[in-house]
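Visitor: Can you read through this structure? Questions will come right after.
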Amino acid sequence: MTAPKIRLQGVRKKFGAKVVLDGVDLDVMAGESVVIIGGSGSGKSVTLKCILGLMTPDAGEIAIDGEPVIGVGGRERERINAKIGMLFQSAALFDSLTVWENAAFGLIAGKGMSRREARPVAMEMLARVGLDAKFAMMSPADLSGGMRKRVGLARAIAIEPEILFFDEPTTGIDPIMGDIINELIVKCTEETGATALTITHDMASARKISDRIAMLYKGKIVWAGPTGEIDRADNGIVQQFINGRAEGPIEIDVRRL
Amino acid sequence: MTAVQTIGRVFLAFLELVGQVTMFTLVAVSHCLRPPFYFRLIGRQMMEIGYYSLPVIALTTLFAGMVLALQSYTGFQRNSVGAESAIAEIVVLSITRELGPVLAGLMVAARVGSSIAAEIGTMRVTEQIDALVTLSTNPFKFLVAPRVIAGVATLPLLIVIGDIIGVFGGYIVSIYRLGFNPTLYLKTSWDKLFAEDVITGLVKAAVFGFIITLMGCYQGYNSRGGAQGVGAATINSVVSSSILILILNYLISAMFFGT
């Protein structure tokens with residue numbers, strides 16, 4: 001059996017007295033698409049940031065391709081992150097650059113490709129996410145939310161990553177555009193053969209793009225299993241979440257009306 | 001006991017801040033010295049910091065030189081000392097040694113430091129800095145180093161131009177308002193100016209350029225919490241670099257002219 005593409009073991013992280021991750025265990029196998037679902041503030045984003053090295057966990061192990069990555073910095077970190085492409089929640093496009101320069105960023109700044117070489121690749125990536133050449137010279141500020149996500153996706157897949165992270169891919173856009181983005185995600189991960197890890201609280205999106213779903217609650221994975229089995233999950237927390245009920249075992253930090 | 005605790009807490013917070021700034025500075029400097037260098041970005045920052053600051057610097061030093069000539073003349077009249085050669089000397093020395101670097105430094109801190117802090121701060125809160133990391137690009141290399149290099153390189157150039165314009169400001173007032181002899185004025189300015197006057201000014205300029213860009217980057221890089229955080233970062237960058245400019249200006253002056 002090969003090592004999982006991404007392995008998290010007992011990952012803990014707290015901010016001050018607030019425990020955000022309380023021993024997260026999760027294996028993502030190569031070529032698999034895993035979605036982590038969970039409410040706001042359940043530690044989904046922190047999990048991704050810990051894997052990317054944007055935050056350092058207090059305890060636990062994180063390995064990519066069997067290689068421990070916690071505390072790794074500098075050139076080594078750049079080499080590891082070169083395997084990973086990420087689509088940010090608000091796309092996080094560089095607003096000082098044009099659309100095509102954004103799409104080409106990982107190639108030019110990360111891999112040292114010349115602008116002349118990178119441009120056709122960027123244009124091809126933009127075409128793959130459904131943006132034609134007329135958008136290439138525009139500024140990201142002139143695009144709608146859905147368009148920005150497409151550019152963000154083009155930027156993430158341009159470096160031909162082995163792993164793709166999607167941070168709330170459908171948040172902040174309308175349901176139709178959300179579904180188009182979902183389909184793009186499925187298409188891009190299939191075409192590139194990349195391993196995908198998504199965090200979301202949008203169940204429609206989770207069902208569409210995942211092979212496997214893991215539910216994060218109070219800093220722990222409380223349920224994980226194939227997408228088809230989630231409706232039969234014998235877990236009150238999962239059932240409350242996927243059915244979107246206000247009443248149930250999930251403790252919410254706000255006072256009920 | 002509580003008073004001691006409070007003092008202790010404030011002191012520890014201060015030490016933590018000093019530690020953070022020092023670490024940030026060391027990392028920033030190490031990235032300024034090691035390849036790869038993004039020459040395209042350095043060039044763009046030199047335009048932004050140097051070229052676009054010229055009008056502001058020119059106006060500031062021009063009027064500083066003018067008012068200096070005017071006020072010293074008033075002073076000399078009251079004390080009935082021979083004003084003509086003294087004013088040229090006062091203007092040229094004050095401008096090159098102190099007023100040129102300090103006024104230009106403060107103006108650049110307001111213009112450039114704030115814009116760096118706001119830009120990098122916005123990049124921080126919109127996850128653009130995280131995006132850089134995921135694209136295998138070091139934010140220090142890509143954002144901080146080009147700005148710091150451009151600041152250290154362009155501020156001395158700006159100050160040289162500012163010095164010339166400042167002396168010219170004194171010249172205008174002395175010749176057209178106070179009726180001095182133009183040849184004598186220029187000759188005195190030139191004779192009384194030594195290399196070390198200009199060199200201290202340039203050393204100051206390079207130091208100020210470093211401080212302004214570094215503080216802008218530091219505050220922006222560490223900004224938290226949306227629009228308000230970016231606003232706070234902008235204020236802090238201008239206030240901290242302005243205060244550091246004034247303190248370091250005194251220290252450098254004391255070092256060169258102290259004895």
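Visitor: Mind checking the mean number of beta-carbon atoms from other chains within 10 Å of the Cβ atoms in B:135-146?
Guide: Going residue by residue through B:135-146 and averaging, the value is 4.
Visitor: Then there is this: How much of the DSSP beta bridge set in chain A is antiparallel, as a percent to the nearest 5?
Guide: Percent antiparallel among DSSP bridges in chain A is about 55.
Visitor: Follow-up question, since we're still on this one. So what is the calculated 222 nm ellipticity per residue for chain B, using -39500 (n - 2.57) for each DSSP H run with n of 4 or more, over all residues, to the nearest 500 deg cm²/dmol?
Guide: -27000 deg cm²/dmol
Visitor: Show me the ranking of peptides B:64-70, A:215-221, A:25-31 by mean Cβ neighbours inside 10 Å, starting with the highest.
Guide: The peptides rank, most packed first, as B:64-70, A:215-221, A:25-31.
Visitor: Against the longest alpha carbon principal axis of chain B, how many degrees, from 0 to 90 and to the nearest 10, is the axis of helix B:195-221 turned?
Guide: 30 degrees
Visitor: Still on this model: Once phi is turned into θ = phi - 60°, what whole-Hz ³J(HN,Hα) does the Karplus curve with 6.51, -1.76 and 1.60 give for every residue of region B:61-68, x standing for Gly and Pro?
Guide: Result, ordered by residue: 6, 4, 6, 4, x, 5, 6, 5 Hz.
Visitor: If you rank B:Thr6, B:Thr134 by fewest surrounding Cβ atoms within 10 Å, what's the result?
Guide: B:Thr6, B:Thr134
Visitor: State, to one decimal in nm, how far the label point of A:Ile252 lies from the label point of A:Glu67, with both points 7 Å from Cα in the Cβ direction.
Guide: Between A:Ile252 and A:Glu67, the simple spin-label model gives 4.4 nm.
Visitor: Springs between alpha-carbon atoms under 10 Å, Gaussian network over chain A: tell me which of A:Gly66, A:Gly16, A:Gly112 tops the mean-square fluctuations.
Guide: A:Gly16
Visitor: By how many degrees, 0 to 90 and rounded to 10, does the Cα axis of helix A:115-128 deviate from the longest principal axis of chain A?
Guide: The answer is roughly 50 degrees.
Visitor: I would also like to ask the following. Averaged over B:122-131, how many beta carbons belonging to a partner chain fall within 10 Å of each residue's beta carbon?
Guide: 6
Visitor: Taking a ≥ b ≥ c as the square roots of the Cα gyration tensor eigenvalues, with a/c under 1.5 meaning rounded and otherwise prolate when a/b beats b/c, else oblate, which class fits region A:100-178?
Guide: oblate
Visitor: Out of residues 5 or more away from A:Ile221 or on other chains, whose amide H comes under 5 Å of its own, with H placed 1.01 Å from N in the peptide plane?
Guide: Result for A:Ile221 returns A:Asp25.
Visitor: If you count the DSSP beta bridges with both ends in the protein assembly as shown, what percent of them are antiparallel, to the nearest 5?
Guide: Around 55 percent of the beta bridges assigned by DSSP in the protein assembly as shown are antiparallel ones.
Visitor: Summing -39500 (n - 2.57) over the DSSP H runs of n ≥ 4 in chain A and dividing by its residue number, what mean residue ellipticity at 222 nm do you reach, to the nearest 500 deg cm²/dmol?
Guide: Taking each H run of at least 4 residues, the total per residue is -9500 deg cm²/dmol.
Visitor: A follow-up question, please. With a ≥ b ≥ c taken as the square roots of the eigenvalues of the C-alpha gyration tensor of region A:1-95, please select rounded if a/c is under 1.5 and otherwise prolate if a/b is larger than b/c or oblate if it is not?
Guide: Rounded, since a/c falls under 1.5.
Visitor: Modelled label-to-label distance, B:Ile247 and B:Lys192, 7 Å Cα→beta-carbon offset: nm?
Guide: 3.3 nm
Visitor: Also: Hey, which lysines would be in cross-link range of A:Lys83, C-alpha to C-alpha under 17 Å, not counting anything within fewer than 8 residues on its own chain?
Guide: A:Lys5, A:Lys49, A:Lys111
Visitor: Note the angle between two axes, namely the Cα long axis of helix B:182-192 and the longest principal axis of the Cα atoms of chain B, as a number of degrees from 0 to 90, rounded to the nearest 10.
Guide: 60 degrees
Visitor: Show the residues, 5+ positions off or on another chain, whose built amide H is closer than 5 Å to the amide H of A:Leu54.
Guide: It is none; the list stays empty.
Visitor: At a 10 Å Cβ-Cβ cut-off, how would you order B:Glu84, A:Glu183, B:Glu119, fewest neighbours first?
Guide: Lowest to highest Cβ neighbour count: A:Glu183, B:Glu84, B:Glu119.
Visitor: If you don't mind, there's one more thing I want to ask. For A:Arg116, A:Arg128, A:Arg155, what ranking results if the residue with the fewest other Cβ atoms within 10 Å of its Cβ goes first?
Guide: A:Arg116, A:Arg128, A:Arg155
Visitor: Here is a follow-up. Quick check on region A:121-217: take the gyration tensor over C-alpha atoms, sort the square-rooted eigenvalues as a ≥ b ≥ c, and tell me if it's rounded (a/c under 1.5), prolate or oblate.
Guide: Oblate, since a/c reaches 1.5 and b/c is not below a/b.
Visitor: For chain B, set up a Gaussian network in which alpha carbons nearer than 10 Å are linked by springs, and say which option among B:Phe208, B:Phe39, B:Phe63 fluctuates the most.
Guide: B:Phe39
Visitor: With springs connecting C-alpha atoms under 10 Å apart, model chain A as a Gaussian network and identify which of A:Phe94, A:Phe165, A:Phe105 has the largest mean-square fluctuation.
Guide: Among A:Phe94, A:Phe165, A:Phe105, the largest mean-square fluctuation in the Gaussian network model of chain A belongs to A:Phe94.
Visitor: Still on this structure, please answer the following. With a Förster radius of 22 Å, plug the Cβ-Cβ distance of B:Leu157 and B:Ala110 into 1/(1 + (r/R0)^6) and report the FRET value to the nearest 0.05.
Guide: 0.70
Visitor: What ³J(HN,Hα) values, in whole Hz, does the Karplus curve 6.51 cos²θ - 1.76 cosθ + 1.60 give for region A:92-99 when θ = phi - 60°, with x put for Gly and Pro?
Guide: Listing the rounded values in order: 6, 6, 7, 6, 8, 10, 7, 4 Hz.
Visitor: Say each of B:Thr183 and A:Glu124 gets a label point 7 Å from the Cα, pointing the same way as Cα to Cβ; how far apart are those two points in nm?
Guide: So the two model labels end up 7.5 nm from each other.
Read-outs: derived from the displayed coordinates by stated rules, not from any lab. The shown structure was predicted, so the numbers you read here are calculated from the model rather than taken from an experiment. Cβ atoms come from the backbone with ideal geometry, glycine included; neighbour counts cover every protein chain shown.
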